[in-house]
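The structure under discussion appears below in the form of structure tokens.
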Amino acid sequence: MLILGIDTSCDDTSVALLRDEKEILSNVVSSQVDLHAVFGGVVPEIASRKHLEFIDIIAKEALREGKADYRDLDAISVTAGPGLIGSVLIGLCFAKGLACSLQKPLIGVNHIEAHAMSIFLERDVDLPFIALVVSGGHTMIIRIDEPCRYSVLGTTKDDAAGEAFDKIAKYLAIGYPGGRIIEEYSRKGKKDHVMFPRPMMDDNTCDFSFSGLKTAFINYAKHHRIDEKNIADVLASFQEAVIDVLFQKTLRAVKKTGIPRVVVGGGVASNGRLREVFQERGKEGGLAVMFSSPGFCTDNGAMVALLGHYYLRRGIVSPLDAKAFSRMALPGFMKC
Ligand code: KG4
Ligand code: ZN
């Protein structure tokens, strides 16, 4: 079974070719980071125009690398949301065109669900498990019972974790995307230089709030000079506050459900310090913590193709007039 997976939810044009559920024949990601960096964040209009310009080229490249032809495909899987609506639409319309002309099934999938399940591209995990999805647009804790059967345990009430990183980096004008740059600075910094607040950390929910932490950082920056001497310390302290909250909330989900297996996905999960904290503290608490490789944490077409396999195996396909969604509830726009 050969499935093409397409993701254009934000600023990466990604197309992958997946044979069955584990054999990644190609996974091509065309990043627009340089185009958006000058603006300090993703400009939705530019993102969708660039997807339109590149989607055809990237899809052909994915097929070329995978030594396949459009006619070899068994189905086309595509992110139908959530994401920047103009960007999602480009991938979805392209996928519809392919499905229609090739007379093959179209499968519209949920991007967050794809992040949560991406671990299966590289390894197996016993079910059920707790997934923490931390990306630029979402911070969510999900109980995964099996592919296509999920319950959301917690979500952010305001900003996503990655968004907080990106906004702080924009405020300091140190570049985009913020998460990777803040991680770089933090490597040389003292994590306890500033005691930033840990919002909602001690309540009894699995929900998050990062907007207050962002404001606390900006207030700190307004009252203290941040320069080359202390920037690493201040950013390391900020990064530690974010990671602390993410870990404590995940631990709460583990305690509430009694499920000692945790999978962390999404762009922020490529952060080295986050991986270290989750591994170390997880071990102390008797948790098995698993991560995808960094390349499968950030947006990619392979995770979308993988969901396509799961859906198709269950006989779930999408109509050719399927809609794109900027917001989209789990378990996906086709209920399992
Ligand atoms: O999953 P992703 O590629 O796209 C979305 O679905 O949003 O995640 C992008 C987010 C951005 O906010 C970016 O700053 C963050 O992931 N990110 C990181 C790192 N690399 C990317 N955050 C912290 N540390 C990193 N190394
Ligand atoms: Zn993503």
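Quick notes on this one:
- Charge tally around PHE129: other residues with Cβ under 15 Å, Lys/Arg +1 each, Asp/Glu -1 each, net 0.
- Alpha carbon convex hull of the chain, volume per residue in cubic angstrom: 120 Å³
- Over 18 Å (Cα to Cα) - which of LYS167/LYS222; LYS167/LYS323; LYS188/LYS214; LYS157/LYS255; LYS249/LYS283 fall in this group: LYS167/LYS323; LYS188/LYS214; LYS157/LYS255
- For the range 1-32 versus the range 40-88, the gap between their alpha-carbon centres in whole angstrom: 8 Å
- The range 1-132: C-alpha gyration tensor shape, a/c 1.5 cut-off, then a/b vs b/c: oblate
- Ranking PHE278, TYR220, PRO260 by Cα position along the charge dipole of the range 124-291, where only Lys, Arg, Asp and Glu carry charges on their C-beta atoms, puts TYR220 farthest toward the positive end.
- Three-way shape label, the range 66-166, alpha-carbon gyration tensor, a/c 1.5: oblate
- The range 167-226 versus the range 304-330: alpha-carbon centroid distance in Å: 35 Å
- Taking a ≥ b ≥ c as the square roots of the eigenvalues of the Cα gyration tensor, the range 18-90 is classed as prolate, since a/c reaches at least 1.5 and a/b is larger than b/c.
- Once the Kirkwood radius over Cα pairs is known for the range 136-212, the Stokes-Einstein relation at 25 °C and 0.890 mPa s delivers a diffusion coefficient of 172 µm²/s.
- Across every pair of non-identical alpha carbons in the range 124-291, the mean reciprocal distance, once inverted, gives a Kirkwood radius of 16.1 Å.
- For the range 244-336, the list of trypsin sites (Lys or Arg not before Pro) that fall in a loop by DSSP and count at most 12 other C-beta atoms within 10 angstrom reads ARG314, ARG327, LYS335.
- Kirkwood hydrodynamic radius of the range 195-328, Cα pairs, Å: 17.7 Å
- At q = 0.27, 0.29, 0.32 Å⁻¹, base-10 log of I(q)/I(0) for the range 3-55 (Debye sum, equal scatterers on each alpha carbon): -0.97, -1.07, -1.21
- Residues in the range 162-205 reached by a label modelled at HIS224 [backbone nitrogen below 13 Å; 7 Å Cα→Cβ]: 190-197
- Computed from the C-alpha gyration tensor, the three semi-axes of the ellipsoid equivalent to the range 254-336 are 31, 16, 12 Å, from longest to shortest.
- Residue list for the range 72-89, given a label point 7 angstrom along the Cα-to-Cβ vector of CYS100 and an amide N cut-off under 16 Å: 76, 89
No lab work stands behind these numbers, since they all come straight from the coordinates. Predicted, not measured: the structure shown is a model, and the values here were computed from it. Positions of Cβ are generated from backbone atoms using ideal geometry, with glycine treated the same way; all protein chains shown enter the neighbour counts.
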